[in-house]
Amino acid sequence: MKISVKDISVSGTKIEDSILEKVFEQGDNSDWHFIEPLKVKALLKKGYDQITANIEGSCRYKSFCYRCLEDVEKDWSLNVSLKIPIERETQIIDLTEDIRQEVFLHFPNKILCKDSCKGICSGCGVNLNNKDCCCD
C-alpha cells in the first residue's frame, strides 16, 4: 500500500485499498489463512517529521476450532494507529509491511467456533457440541 507523501495533507487524507491474502501467508504450518483480501481504510495526517495513520482493516479467514477441531470461517477486523517517521526527502511510504505486522500481533491466538464450545471428550473423542458422551 504505497502512498505519495505529497498527496497527504495536514488535515488528513482518506485512502481505501486492499492487501492480497498472499501477503499474510505463513507457510504450511499456519493454523489460519485469509480467504479474501484485507480491505483497508486509512486516515493519514502529515506532521513535520511523521505521518499518523489511523487504519481500519477487515476480511474473512478460515481456521479450525482449538477445542472441537471443527472448521471455522469468521470475519475479522483490525483498528490501529501508526506513526511513520519521515525525512524531508521521503517521497513515498509503503504501509504494507507495517499493516502485516499489526495483523500478526492482533490476530487471536486461540480460535473458537463459539465462545461456549464444549470441545471434544478426552476419553472417547466425541464432539460435545453435537452429542453427550457416555464416559465416566
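The values are calculated or read from the model by the stated rules, or taken from the named source; none is laboratory data. Since the model is a prediction, treat every value here as computed from it, not as a measurement. Cβ atoms come from the backbone with ideal geometry, glycine included; neighbour counts cover every protein chain shown.
Brief remarks on what is shown
- Given (1) within 20 Å of P37 (Cα to Cα); (2) touching a helix residue (DSSP H, G or I) at 6+ places or on another chain (Cβ under 8 Å); (3) part of a loop (DSSP other than H, G, I, E, B), number of the condition P108 does not satisfy: (2)
- Counted residues, the stretch 97-129 - those being loosely packed, with under 14 Cβ neighbours inside 10 Å, over 19 Å from S63 (Cβ atoms) and of a type outside the set (D, E): 5
- Tally of residues being charged (D, E, K, R), part of a strand (DSSP E or B) and more than 14 Å from S4 (Cα to Cα) across the stretch 38-56: 3
- Restricting the stretch 50-84 to residues that are of a type in the set (V, I, T) and over 16 Å from L105 (Cα atoms), the residue that is surrounded by the most Cβ atoms within 10 Å (Cβ to Cβ) is I51.
- Flag if V5 is modelled with pLDDT under 90, β-branched (V, I, T) and in contact with a Ser or Thr (Cβ under 9 Å, 6 or more places away or on another chain): yes
- Residue pairs whose Cβ atoms lie under 8 Å apart, sitting 6 or more positions apart in sequence or on different chains, and linking a residue in the stretch 1-14 that is more than 24 Å from P37 (Cα to Cα) and in contact (Cβ under 8 Å) with a residue 40 or more places away in the chain to a partner that is surrounded by fewer than 16 Cβ atoms within 10 Å (Cβ to Cβ) and hydrophobic (A, V, I, L, M, F, W, C), are V5/I92.
- All conditions but one from (1) at pLDDT 90 or above; (2) part of a loop (DSSP other than H, G, I, E, B) apply to S77; the one that does not is (2).
- Conditions (1) among the small types (G, A, S); (2) loosely packed, with under 15 Cβ neighbours inside 10 Å; (3) in a strand (DSSP E or B); number of the one not met by S9: (3)
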